[in-house]
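Asks: Have a look at this one before I ask anything.
The values are calculated or read from the model by the stated rules, or taken from the named source; none is laboratory data. All values derive from a computational prediction rather than experimental measurement. So basically every Cβ, Gly included, is an ideal-geometry build from the backbone, and we count neighbours across all protein chains shown.
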Amino acid sequence: MGKKTESVLRLLSNKPFVQGALVLALIFALANPLGLPIKIDPMSKKVYDIMENLKPNSKILYVASAPTGTMGDLIPQSVPLIYHLMRRGNLKLFFIGIGESADHIMIYIDSEVFKRIGYPEKYGLVYGEDWVNLGYVAGREVSYENFANDVQGTILIDREGNRVAELPMFEDVHTMADFDLVIYNGEKSWMPIQYWTEKFHKPLIVLTHTAMLPIDVIPWYTAGQITAYLCGVRSGADYEVLVDRPGGAVAALDALSISHLFLISLILLGNITYMVEKIEGKEAK
Amino acid sequence: MAISTDIGVWIAAIMIIAGYSIIIKNTVVFKFAERTVLGLVAGTTAVFGFEQIIKLLWIPLTEGKIVNIIPLIIALLLFTRLSKEYAYLSRIPIIVLVASGISLGITRNVSTIIFGQIKGMLKPIPTGSTIFDIIGILIVPVVCCSVLLFFTYTREHTGALGKVSLIGRYALMFALGVSFGNFTATRTNYVILPLKRILFDWLGLVV
Amino acid sequence: MSNILRSKEFTTVLVFILSTLYVLHYFIQGVEPFDNLMLTIGNWAIISSAAAAGLGLANLSIIHVNKIRKKESGWYWDIWMVSVMFFTFLLGSITSSQSSAYQWIYVNVYQPLGTSIFSLAYLWMCSVAVVAFRVKNRDAAFLMLGGLLSLIGNIPMVQVYTNVFFDAKTWALNIPVRGVGSALRISLALGLVLVGIRTWLGIDTSYVALESEGG
């Protein structure tokens with residue numbers, strides 16, 4: 001291998017150098033956004049139109065189901081969506097966390113999301129009548145199944161300590177059939193499909209990671225098992241523009257571009273050095 | 001730029017920097033961060049489990065729902081796992097969990113995933129489709145079948161099977177590549193969130 | 001009595017009965033006593049899931065307290081970890097996870113640590129990208145083709161100037177990748193169904209360690 005190729009390879013294989021360079025590049029991109037225009041993805045517009053056309057007093061079930069570490073790609077699209085739902089002012093919102101670690105997301109929605117966009121009371125929503133935080137349900141398959149067939153029996157007490165059976169919102173909510181729309185914010189989108197939408201034929205909007213899109217979301221969407229989806233910060237940025245409330249997702253787009261360009265250049269450089277090695281190896285022979 | 005005076009924001013920033021300190025070297029600072037997060041994960045998970053038990057089991061039991069003694073006993077039997085002598089008793093709660101999970105999975109996987117996915121692929125071609133659309137629609141079941149053949153047939157991939165499963169193999173590699181690209185986007189966002197906290201919440205950067 | 005509970009037959013019969021009830025319930029619905037029975041068993045399973053979190057706490061405590069007693073390497077870190085674990089648990093269970101103190105710890109300690117440590121995998125991936133993603137054969141070429149298409153298609157900056165890569169990525173997602181995704185989902189589902197049937201019929205009992213418990 002030539003000396004130049006070797007030194008380039010050594011530099012690019014130096015983990016602290018590469019990792020540090022990436023972090024610095026991201027910090028630079030976050031601190032100096034270019035403010036480029038955003039092209040709205042048709043899927044984000046579809047979700048927006050669905051939310052906008054919901055009938056008044058529609059019962060919306062918002063399910064959070066993912067661990068804390070994955071929040072970076074789950075929260076950016078949920079913040080503007082929750083803002084949109086609350087801004088409507090005439091919907092019934094049921095928030096719940098199902099599955100391991102789900103309650104962390106519930107706490108985050110409670111303490112951080114509402115802190116940024118305002119608590120539901122700011123939008124004229126009354127707790128127990130217009131919105132409710134049902135807290136967390138442990139388990140996986142069986143909790144989805146039980147919740148679908150007996151909502152009040154599976155929850156019993158909401159996060160504020162109220163009996164759900166005594167809340168006005170639950171007067172006509174007993175099974176999954178009584179909800180009008182399910183919004184699932186998590187990684188395992190097959191769970192609500194299997195236990196809720198298949199049996200009760202409810203529209204399902206999935207908010208998930210970009211990584212889940214190819215193998216997890218697209219097969220369901222193209223088979224008609226999901227109505228629409230928002231994946232990652234990119235969709236979050238689209239939705240922030242649609243609800244006219246630019247925030248964290250729009251601010252992160254330049255950093256997203258920089259990191260992709262960084263990784264592409266590393267991969268291309270790695271392949272170029274590999275080809276140069278092969279050519280030099282052939283020449284040496 | 002106004003650095004935050006909130007102690008919580010300062011602690012969050014210190015934790016993020018401690019977490020990222022491994023980039024430079026695996027030091028005491030990172031070990032502290034690592035052990036802290038492990039302790040927090042275990043502690044918080046136990047809190048949520050505890051609250052669930054209080055809500056679903058204890059409160060109804062204290063209000064007269066005597067039948068809740070049974071799940072209380074089942075839940076307590078899980079802890080016999082820690083004893084060598086009585087560990088066999090923990091089978092009962094494990095059986096309840098396993099039986100409910102797998103049997104729900106059997107029925108739902110067949111109806112929703114297997115039939116649902118096949119049904120989704122076998123739809124009539126919509127009217128007004130271009131030749132490009134028709135080719136695309138036909139590619140999907142061909143790729144699906146070739147990937148399934150690649151996975152499920154354990155005999156040697158030669159002859160006709162070899163050629164078809166080759167399509168499946170290349171399609172699989174292509175799809176994994178696309179997944180990798182999306183995976184990159186997701187993981188970048190995981191890095192961006194704590195960095196935003198440092199820049200905007202702690203350092204008070206305004207852009 | 002303990003011989004019966006230790007026996008393999010007890011485990012397999014109980015699993016068979018419960019699983020059969022669940023499978024029957026998929027087909028027979030609207031019979032109130034049966035629905036109530038299945039909801040009750042489901043609630044027991046949910047409560048057992050919740051109790052498993054406490055088992056995790058207890059197990060971790062035993063392991064790390066033993067390490068501390070024997071003063072194994074890094075035992076002082078175990079003291080810190082166990083202290084954090086119990087402090088969090090006691091704070092949350094005494095005050096509730098709704099309390100401002102608990103939420104403060106979550107927002108200012110757990111969430112920043114969790115997200116930063118979880119994100120380290122990506123930084124590591126970038127640092128090995130130079131060597132790991134080399135096109136050495138045809139399979140790797142297809143992998144890279146898909147990867148580069150997706151990477152470039154996901155760059156918001158590129159989409160401002162041209163939609164070609166985004167449209168190509170969308171086509172790839174909706175056609176070949178969709179076929180692969182469906183195949184993977186069907187394969188996975190088939191595997192789960194087969195494992196489920198084996199467990200249901202008692203052929204597979206690996207979920208309980210029969211030998212070590214004298215079964």
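Yes or no, residue by residue, for (1) under 27 Å from C:W44 (Cβ atoms); (2) at the interface with chain C (Cβ under 8 Å from one of its Cβ atoms); (3) not β-branched (V, I, T):
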position: A:S111; (1), (2), (3): no, yes, yes
position: A:L125; (1), (2), (3): no, no, yes
position: A:G135; (1), (2), (3): yes, no, yes
position: A:A165; (1), (2), (3): yes, no, yes
position: A:M169; (1), (2), (3): no, no, yes
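Asks: Considering only region A:60-113, state which residues are among the charged types (D, E, K, R), surrounded by fewer than 23 Cβ atoms within 10 Å (Cβ to Cβ) and modelled with pLDDT under 80.
Replies: A:E100, A:D110, A:E112
Asks: Filter region A:17-41 for residues that are under 18 Å from B:R187 (Cα atoms) and either touching a Cys at 6+ places or on another chain (Cβ under 9 Å) or surrounded by 13 or more Cβ atoms within 10 Å (Cβ to Cβ) (or both) and give the result.
Replies: The answer is A:V18, A:Q19, A:G20, A:A21, A:L22, A:V23, A:A25, A:L26, A:I27, A:A29, A:L30.
Asks: Moving on. Which residues, taken from region C:137-156, are touching a helix residue (DSSP H, G or I) at 6+ places or on another chain (Cβ under 8 Å) and part of a loop (DSSP other than H, G, I, E, B)?
Replies: Matches in region C:137-156: C:N154, C:I155.
Asks: Check whether at least one residue in region A:239-249 is facing another protein chain (nearest Cβ under 7 Å) and part of a helix (DSSP H, G or I), and report yes or no.
Replies: Yes - at least one qualifying residue is present in region A:239-249.
Asks: Still on this structure, please answer the following. Does C:S116 satisfy being in contact with a Phe, Trp or Tyr (Cβ under 9 Å, 6 or more places away or on another chain), within 8 Å of chain B (Cβ to nearest Cβ), among the small types (G, A, S) and not in a helix (DSSP H, G or I)?
Replies: So C:S116 does not fit the description; no.
Asks: Tell me which residues, restricted to region A:196-255, are touching a Ser or Thr at 6+ places or on another chain (Cβ under 7 Å), farther than 16 Å from B:F183 by Cα and polar (S, T, N, Q).
Replies: A:Q225
Asks: Based on this model, can you work out whether C:T199 counts as at pLDDT 90 or above and either outside any helix (DSSP H, G or I) or facing chain B (nearest Cβ under 7 Å) (or both)?
Replies: yes
Asks: Those residues that are more than 26 Å from the chain's Cα centre (by Cα) and at the interface with chain C (Cβ under 7 Å from one of its Cβ atoms), I need them from region B:45-69; list them, please.
Replies: Hit for region B:45-69 is B:L57, nothing else.
Asks: Now, a different point. Would you confirm whether any residue within region A:178-188 is part of a helix (DSSP H, G or I) and farther than 19 Å from A:I50 by Cα?
Replies: Checked against the condition, which is being part of a helix (DSSP H, G or I) and farther than 19 Å from A:I50 by Cα, region A:178-188 yields no hits at all.
One line per residue, one yes/no per condition, for (1) more than 23 Å from A:D254 (Cα to Cα); (2) at pLDDT below 85; (3) crowded, with 19+ Cβ neighbours inside 10 Å; (4) assigned by TED's automatic domain parsing to the domain that holds C:A183:
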residue	(1), (2), (3), (4)
C:N137	yes, no, no, yes
C:M144	yes, no, yes, yes
C:L148	no, no, yes, yes
C:I155	no, no, yes, yes
C:N163	no, no, no, yes
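Asks: Scan region B:95-127 for residues that are part of a loop (DSSP other than H, G, I, E, B) and buried (at least 20 other Cβ atoms within 10 Å of the Cβ) and jot them down.
Replies: none
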